[in-house]
Amino acid sequence: MARVLVGIPTYRKERYALVPLLQGLQKQSFKAFDILVVDNSEDKEYVKLLERALSSSFPKKRTTILHIVPDERYSNILRSREAIRDYFLEHKEYTELFFLDSDVIIPTNAIAKLLAVKQEVVTGVYLNTMQLGENLELRPCIYRDIDGKTASPYRIRDVLKHKTLPVGAAGLGCTLVTRNIVEKVKFRRVKGTEDVPFYRDAIKHGAMPTAVCAVKCLHLHFPWGDPRNKPFNMAGYKLGA
């Protein structure tokens, strides 16, 4: 039977997303999960806020908070993911690791739908702005494989047409990974990112990463209720609209 560790890297500048993040987890139809939050803020003040928020949302035995000493920004993310991976590997009771960014708000059945696909690496869909040539475009953080070395981001209409999509790489903001792949794939940083190398290395170990288009997330860039978040709400897009 599946038991999932939800691993969340965060820092205090994303505290605006903490309440909706935890509400999204509280509403999950799949309940067999625990939460690990790794904070890389400059001091431990944010840890105190995290402790209060988590204790009011989940039983204490289901939550763990770690703090790592911060370095420069992308190194912090890499080190946070490494800490999550290490914790998961030490705790053999978990069958899957669900990487969830602290500004990605998941729908009610997200974990259940990702598990149902029964692939070793599975991602939901969330949006971000990407520099593509001279243009700044809003795209899903999932990429189609081109030639085994390069990848191209899918368009929003692609994830509206299909139930699942094969991916050559993706962001790790909403990614479920089996223990087999977590054991084999270490994090490394290439060109400022750890997401793409993780997916590429997982593929080398036999994974067939899949995007579940029904798991449409809100990528919260601003405080809850701010209308500027609307373009980043994947659930708000309809085919033909």
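Key figures
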{"quantity": "Summed side-chain charge close to Gly133 - residues other than Gly133 whose Cβ falls under 15 Å, Lys, Arg +1, Asp, Glu -1", "calculated": "0"}
{"quantity": "Spatial separation of Cα centroids for the stretch 61-133 and the stretch 140-193, in angstrom", "calculated": "13"}
{"quantity": "Arg3 versus Lys238: modelled label distance in nm, points set 7 Å from Cα along the beta carbon direction", "calculated": "4.3"}
{"quantity": "Neighbour-count ranking [beta-carbon atoms within 10 angstrom, fewest first] of Asp71, Asp195", "calculated": "Asp71, Asp195"}
{"quantity": "Taking Ser41, Ser102 and counting other C-beta atoms within 10 Å, the order from fewest to most", "calculated": "Ser41, Ser102"}
{"quantity": "Gain on full stretching of the segment that runs from Asn109 to Thr164 - 0.36 nm per residue minus C-alpha separation", "calculated": "18.2 nm"}
{"quantity": "Estimated distance in nm for a label pair at Lys31 and Leu66, the labels positioned 7 Å out from Cα along Cα-to-Cβ", "calculated": "2.8"}
{"quantity": "Filtered trypsin sites (Lys or Arg not before Pro), the stretch 1-34: DSSP coil and at most 14 other beta carbons within 10 Å", "calculated": "Arg3, Lys27, Lys31"}
{"quantity": "Lys, Arg +1 and Asp, Glu -1 on Cβ, resulting dipole of the chain about Cα centre, debye, nearest 20", "calculated": "660"}
{"quantity": "Convex hull of the stretch 135-224 built on C-alpha atoms - directionally averaged projected area, nm²", "calculated": "7.3"}
{"quantity": "Which of Met1, Met130, Met234 has the fewest Cβ neighbours within 10 Å, and the rest in rising order", "calculated": "Met1, Met130, Met234"}
{"quantity": "Surrounding net charge for Ala214, when Lys and Arg each add one and Asp and Glu each subtract one, Cβ distance under 13 Å", "calculated": "+4"}
{"quantity": "Cα gyration tensor, the stretch 55-184 - rounded (a/c under 1.5), prolate or oblate", "calculated": "prolate"}
{"quantity": "Cα centroid separation - the stretch 1-46 against the stretch 198-241, whole Å", "calculated": "17"}
{"quantity": "10 Å Cβ shell holding at most 15 others, DSSP loop, GluC sites (Glu not before Pro): longest site-free stretch of the chain", "calculated": "135-241"}
{"quantity": "Coil-residue trypsin sites (Lys or Arg not before Pro) of the stretch 111-191, DSSP, other Cβ within 10 Å capped at 16", "calculated": "Lys118, Lys149, Arg155, Lys163, Lys186, Arg188, Arg189, Lys191"}
{"quantity": "Candidate values (i) 14.0; (ii) 13.0; (iii) 18.3, label of the one derived for mean projected area of the Cα convex hull in nm²", "calculated": "(ii)"}
{"quantity": "Label point distance in nm, Asn135-Lys191, each placed 7 Å from Cα along Cα→Cβ", "calculated": "1.9"}
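Read-outs: derived from the displayed coordinates by stated rules, not from any lab. No experiment lies behind these values; they were computed from the predicted model shown. Please note: Cβ atoms are built from the backbone with ideal geometry, for glycine as well, and neighbour counts cover all protein chains shown.
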